[in-house]
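Q: Before I ask anything, let me first share the structure, which is written out below as structure tokens.
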């Protein structure tokens, strides 16, 4: 088999260099112009718990992870116990032979349930087992075993370089990467280049890691002939971007003129604000006249209200958060709604409820986002389907917020937030900044911030602007912004505000609301949203060649919801299946509410792990074959 | 053109109770703005919820009546976005020290250049007289069914410990004195907090205008009332840090905290503490990270060309992620 898609997994304790191993691996593959899809899985923990990184590589675009693993790179025991079962026939496990005698019961971070599942897989109902047994079981299913004696190799290298071998033990993660690439016959030069970039400015780290990589690369080459899979660089010369979702959103905000973000630390949203702070002078150094203010607030209530304050002063302002923080923002969102203040909230969904699964992915905040804040007021809620969309959508969020003068909630999942992927180069000429109706000249008579207009949208002044004095209040107000409880003014203000959502529904182009993939009148229509897009499209690529007539409808705009268009599409197929990473089928509920169409077949996942393409294709096929089935629950992922 | 007091007034019907201390505070704010000749459009008056929350509607300036306890966070965001704005917050005692306590505390760490005026009458007026965080333990006003069972917060000490660099107390009906305090607070570079004592004629029958005026305290010689409030500055008290040296700062802080606990028949009003040596948040950003922030407010930055394309090219930033 050739290298159409190669899945590589590296695992280890949090803080042991798993992330940097994956980054170096991704960089080495990028040096060879391969495209990457990465998923990062980690516990809510700083050091010690099991974390792992999955990197799928291909010469073409990769959008999700398949089920099997071609090469599993480990340097301790737990990764073997948790992932050995996923390695495909002819694939390899790289491991440290000195760990063979460790018993499962001796691995402190391994959950009892995970150990029990491993024992069951090996045909042992109870008791204990050694790593040697786990590896032997893997070998019996066709896995190639690649023992790499890290300690011995670093001792030898230390002598040769005259460096303390203890120092070199920090290069074990790089050695695991080197051994992986060696097994697949991928050129070491790419790895050297990746190491240069990763350790830029630290010459001794470069020397040591390059040397360690060479040793491991050479050592593993003797196993190369046993492996069924190879990885070769791409011939293309095209440039692309290697980005995480949080970085794409941050860059999208910068490009679109966002200049203020307030936040309170929360996983997994914080990375975006950190990135913005790192590039607060927009990459132009301290002499830059353009800058981005990032404010770490005392809580999420302050985060959202500071952003509103900055927006009132005329700056494109946003905040980024996740479930618990978003819960604290409700009152601020309502204030922004009644006061028609542009506000962008980037909501990185993680596993709920409550603290839930802080570092895992889920799509369970959709209905909450739609109903965020008490009372009736308009807001725009929309979701990006992949990292590329994240970039453009981050800019569009500001346009929606300013044009329609309302809060905008941009939904993203942890899966996209922390996964590193290769995307086509972003086209800055496609970025458009629409600031909406801003006061430019002095109006005749006193300025009315909330003047009644045909489309509900009034001219907006900003704090400090001459001729624009106005008032804001969370109470119902008159056209000047002063408190009123007059029933007639209340009625008109309510209608004015809600009218703007109708205008938004009319003006926002259909392609920003939903995207349809596949044949026009399919036998089976798969509906999904957010990060499900990648797995769904890849599943379609598997199912279509098998003769299934299947299409995918990606919903992006949740409010205002494209009810008519969705209704029309749902009618084209006799079998509609909704795929979501949540328990209750929130999109299906929304569709029922907005169109009256009740979707009766579902694929759900709520383990906190992203949906994989193979598991989705298999689930869909089971549903296709058996019309009496109504629900498939997915479970892939350690 | 000289701005007059009337330039800071609005036509909005004022619905505070007759005799409310809020009237004195409102006048003092308007007089301070007029004295300083701050153009109405350059001032932004924020507020939270409660009777004090209505203040912005009565002032001709940008008025932002926000959420309960959150006025300060709104104000901080606006000030950072446009440091040229004159930012004031009309806060309530419950609003600021109760529900907004977290913001009140953390603003001190930043020293953003703004002025907080606490309308401190010991009660939640708009919800009919519950005890606020500044009401003393055991006090039973007519608005309460039972004596207050929670201890009070001392706003002066709290502000100083939190890091506010101008901390004062005023009295709503000593309007000229209060006006001067507000002017000093506005002129002070950094976070200024002025705790303003005020009677709530509707729910508090203890801390009344007569009580503050000392009607019950007769001077044995003259037989005339002895007002409870007195001006700190007339007693030789010096609140200002002169050198910025740590030893001096500690001494001034200790002096102010000790003074802030004086209560009962003698209540000091005036400036308790002022330290002009602490850099503002805006200055810290300018000095260490974003030099342009004090030259070009974020609110004035050009972000778009007339055709809607971004005014700032971020190609070099994107190149860092190109593979």
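Q: For residue A:51, indicate whether it is touching a residue at least 12 places away in the same chain (Cβ under 8 Å), touching a helix residue (DSSP H, G or I) at 6+ places or on another chain (Cβ under 8 Å), in the same structural domain as residue A:13 (by TED's automatic domain parsing) and under 30 Å from residue A:388 (Cα atoms).
A: So residue A:51 fits the description; yes.
Q: Of the conditions (1) farther than 21 Å from residue A:310 by Cα; (2) touching a strand residue (DSSP E or B) at 6+ places or on another chain (Cβ under 8 Å), residue B:290 satisfies every one except a single condition; which number is it?
A: Checking residue B:290 against (1) farther than 21 Å from residue A:310 by Cα; (2) touching a strand residue (DSSP E or B) at 6+ places or on another chain (Cβ under 8 Å), the one that fails is (1).
Q: Another question, if that's okay. Can you tell me which residue among A:200, A:182 is assigned by TED's automatic domain parsing to the domain that holds residue A:30 and at pLDDT below 95?
A: Details: A:182 fails: at pLDDT below 95.
One residue alone meets the criteria, A:200.
Q: Name the residues in the range A:239-268 that are more than 10 Å from chain B (Cβ to nearest Cβ) and assigned to a loop (DSSP other than H, G, I, E, B), would you?
A: Answer for the range A:239-268, where residues must be more than 10 Å from chain B (Cβ to nearest Cβ) and assigned to a loop (DSSP other than H, G, I, E, B): A:264, A:265, A:266, A:267, A:268.
Residues checked against (1) farther than 22 Å from residue A:467 by Cβ; (2) in contact (Cβ under 8 Å) with a residue 24 or more places away in the chain; (3) touching a helix residue (DSSP H, G or I) at 6+ places or on another chain (Cβ under 6 Å):
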| position | (1), (2), (3) |
| --- | --- |
| B:5 | no, yes, yes |
| B:18 | yes, yes, no |
| B:33 | no, yes, yes |
| B:47 | yes, yes, yes |
| B:58 | no, yes, yes |
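Q: In addition: Just checking, does the range B:270-282 include any residue being within 11 Å of chain A (Cβ to nearest Cβ) and either surrounded by 17 or more Cβ atoms within 10 Å (Cβ to Cβ) or touching a strand residue (DSSP E or B) at 6+ places or on another chain (Cβ under 7 Å) (or both)? I'd like the intermediate steps shown before the answer.
A: Going residue by residue through the range B:270-282, those that are within 11 Å of chain A (Cβ to nearest Cβ) are B:281-282.
Subsequent filtering for residues that are either surrounded by 17 or more Cβ atoms within 10 Å (Cβ to Cβ) or touching a strand residue (DSSP E or B) at 6+ places or on another chain (Cβ under 7 Å) (or both) retains B:281-282.
Looking for residues that are within 11 Å of chain A (Cβ to nearest Cβ) and either surrounded by 17 or more Cβ atoms within 10 Å (Cβ to Cβ) or touching a strand residue (DSSP E or B) at 6+ places or on another chain (Cβ under 7 Å) (or both), one finds at least one in the range B:270-282, hence yes.
Q: Let me ask something additional. Keeping to the range B:31-43, report how many residues are surrounded by fewer than 24 Cβ atoms within 10 Å (Cβ to Cβ) and more than 9 Å from every other protein chain (Cβ to nearest Cβ).
A: Our first condition is that a residue be surrounded by fewer than 24 Cβ atoms within 10 Å (Cβ to Cβ); within the range B:31-43, this holds for B:31, B:34-42.
Filter once more, so that each one left must be more than 9 Å from every other protein chain (Cβ to nearest Cβ): B:31, B:34-38.
Number satisfying all stated conditions: 6.
Q: Continuing with the same structure: Can you give me the number of residues within the range A:432-477 that are closer than 30 Å to residue B:16 by Cα and surrounded by fewer than 18 Cβ atoms within 10 Å (Cβ to Cβ)?
A: Result for the range A:432-477: 9.
Q: What is the one condition in (1) assigned to a loop (DSSP other than H, G, I, E, B); (2) over 23 Å from the mean Cα position of the chain (by Cα) that residue A:89 does not satisfy?
A: (1)
Q: Of everything in the range A:290-311, what is assigned to a helix (DSSP H, G or I), at the interface with chain B (Cβ under 7 Å from one of its Cβ atoms) and touching a residue at least 24 places away in the same chain (Cβ under 8 Å)? Give them in sequence order.
A: First, pick out the residues of the range A:290-311 that are assigned to a helix (DSSP H, G or I): A:300-311.
Checking the rest, the ones that are also at the interface with chain B (Cβ under 7 Å from one of its Cβ atoms) come to A:301-302, A:305-310.
A:301, A:302, A:305, A:306, A:307, A:308, A:310 - these are the residues of the range A:290-311 that are assigned to a helix (DSSP H, G or I), at the interface with chain B (Cβ under 7 Å from one of its Cβ atoms) and touching a residue at least 24 places away in the same chain (Cβ under 8 Å).
Q: Here's another thing I want to ask about it. Exactly one condition in (1) part of a loop (DSSP other than H, G, I, E, B); (2) within 14 Å of chain A (Cβ to nearest Cβ); (3) more than 15 Å from the chain's Cα centre (by Cα) is false for residue B:19; which is it?
A: Among (1) part of a loop (DSSP other than H, G, I, E, B); (2) within 14 Å of chain A (Cβ to nearest Cβ); (3) more than 15 Å from the chain's Cα centre (by Cα), residue B:19 violates only (2).
Q: Now a separate question. Restricting to the range A:56-67, count the residues that are in contact with a helix residue (DSSP H, G or I) (Cβ under 6 Å, 6 or more places away or on another chain) and under 16 Å from residue A:180 (Cα atoms).
A: The total comes to 1.
Q: Being surrounded by fewer than 24 Cβ atoms within 10 Å (Cβ to Cβ) and either in contact with a helix residue (DSSP H, G or I) (Cβ under 9 Å, 6 or more places away or on another chain) or part of a strand (DSSP E or B) (or both) is the filter here; which residues of the range A:39-48 pass it? Even if it seems obvious, please write down each step before you answer.
A: Filtering the range A:39-48 down to residues surrounded by fewer than 24 Cβ atoms within 10 Å (Cβ to Cβ) leaves A:40, A:42-48.
Result: A:40, A:42.
Q: Next question, about the same structure. Can you find, within the range A:477-508, the residue that is nearest to the other protein chains (Cβ to nearest Cβ) among those that are closer than 24 Å to residue A:307 by Cα, in a loop (DSSP other than H, G, I, E, B) and touching a strand residue (DSSP E or B) at 6+ places or on another chain (Cβ under 7 Å)?
A: Per the criteria, the residue is A:482.
Q: Being at the interface with another protein chain (Cβ under 8 Å from one of its Cβ atoms), surrounded by fewer than 20 Cβ atoms within 10 Å (Cβ to Cβ) and either at pLDDT below 95 or not in a helix (DSSP H, G or I) (or both) narrows it down to one residue among A:287, A:314; which is it? Quick ask: steps written out before the conclusion?
A: Details: A:314 fails: surrounded by fewer than 20 Cβ atoms within 10 Å (Cβ to Cβ).
It is A:287.
Q: Same structure again: Residue A:209 versus (1) closer than 26 Å to residue A:146 by Cα; (2) surrounded by fewer than 23 Cβ atoms within 10 Å (Cβ to Cβ): which is the lone unmet condition?
A: Looking at each condition in turn, residue A:209 falls short on (2).
Q: May I pose another question? May I ask you to say which residue of A:277, A:340, A:331, A:272 is away from chain B (no Cβ under 11 Å), in contact (Cβ under 8 Å) with a residue 12 or more places away in the chain and in a helix (DSSP H, G or I)?
A: Criteria check complete, one pass: A:272.
Q: If I filter the range A:147-169 for residues that are part of a loop (DSSP other than H, G, I, E, B) and modelled with pLDDT of 95 or more, do I get at least one hit?
A: Yes: the range A:147-169 contains one or more residues that are part of a loop (DSSP other than H, G, I, E, B) and modelled with pLDDT of 95 or more.
Q: Might you check whether a residue that is surrounded by 20 or more Cβ atoms within 10 Å (Cβ to Cβ) and assigned to a loop (DSSP other than H, G, I, E, B) occurs anywhere in the range A:404-418?
A: Looking through the range A:404-418, at least one residue is surrounded by 20 or more Cβ atoms within 10 Å (Cβ to Cβ) and assigned to a loop (DSSP other than H, G, I, E, B).
Q: Now for a separate question. Would a scan of the range B:235-254 turn up a residue that is assigned to a helix (DSSP H, G or I) and touching a helix residue (DSSP H, G or I) at 6+ places or on another chain (Cβ under 7 Å)?
A: Pass one, the range B:235-254, residues assigned to a helix (DSSP H, G or I): B:235, B:246-254.
After this cut, where a residue has to be touching a helix residue (DSSP H, G or I) at 6+ places or on another chain (Cβ under 7 Å) as well, the list is B:253.
Yes, some residue in the range B:235-254 is assigned to a helix (DSSP H, G or I) and touching a helix residue (DSSP H, G or I) at 6+ places or on another chain (Cβ under 7 Å).
Q: Can you pull out the residues in the range B:141-167 that are over 20 Å from residue B:91 (Cβ atoms), surrounded by fewer than 17 Cβ atoms within 10 Å (Cβ to Cβ) and touching a residue at least 60 places away in the same chain (Cβ under 8 Å)?
A: B:142, the sole residue that qualifies.
Q: Can we say residue A:134 is assigned to a loop (DSSP other than H, G, I, E, B), more than 29 Å from the chain's Cα centre (by Cα), crowded, with 16+ Cβ neighbours inside 10 Å and in contact (Cβ under 8 Å) with a residue 24 or more places away in the chain? Outline the logic, then answer.
A: Details: assigned to a loop (DSSP other than H, G, I, E, B): no; more than 29 Å from the chain's Cα centre (by Cα): yes; crowded, with 16+ Cβ neighbours inside 10 Å: yes; in contact (Cβ under 8 Å) with a residue 24 or more places away in the chain: yes.
In short, no.
Q: May I pose another question? Checking the structure you have, find out if any residue of the range B:115-128 is in contact with a strand residue (DSSP E or B) (Cβ under 8 Å, 6 or more places away or on another chain) and surrounded by fewer than 20 Cβ atoms within 10 Å (Cβ to Cβ).
A: Within the range B:115-128, none of the residues are in contact with a strand residue (DSSP E or B) (Cβ under 8 Å, 6 or more places away or on another chain) and surrounded by fewer than 20 Cβ atoms within 10 Å (Cβ to Cβ).
Q: Of the residues that sit in the range A:11-38 and are under 19 Å from the mean Cα position of the chain (by Cα) and not in a helix (DSSP H, G or I), which one is nearest to residue A:418 (Cα to Cα)?
A: A:38
Q: Would you mind finding the one in B:285, B:317 that is under 25 Å from residue B:167 (Cα atoms) and at the interface with another protein chain (Cβ under 8 Å from one of its Cβ atoms)?
A: B:285
Q: Let me ask something else about it. Can you list the strands (runs of 3 or more DSSP E) lying wholly within the range B:44-137 that have 2 or more residues being at the interface with chain A (Cβ under 10 Å from one of its Cβ atoms) and at pLDDT below 95?
A: none
Q: Which residue pairs have Cβ atoms closer than 7 Å, lie 6 or more positions apart in sequence or on different chains, and pair a first residue in the range A:206-220 that is without any contact (Cβ under 8 Å) to a residue 24 or more places away in the chain with a second residue that is part of a helix (DSSP H, G or I)?
A: A:206/A:195; A:206/A:196; A:210/A:192; A:210/A:195
The values are calculated or read from the model by the stated rules, or taken from the named source; none is laboratory data. Predicted model only: the values in this text are computed from it and were never measured. As a convention, Cβ positions derive from the backbone with ideal geometry for all residues, glycine included, and neighbour counts pool all protein chains shown.
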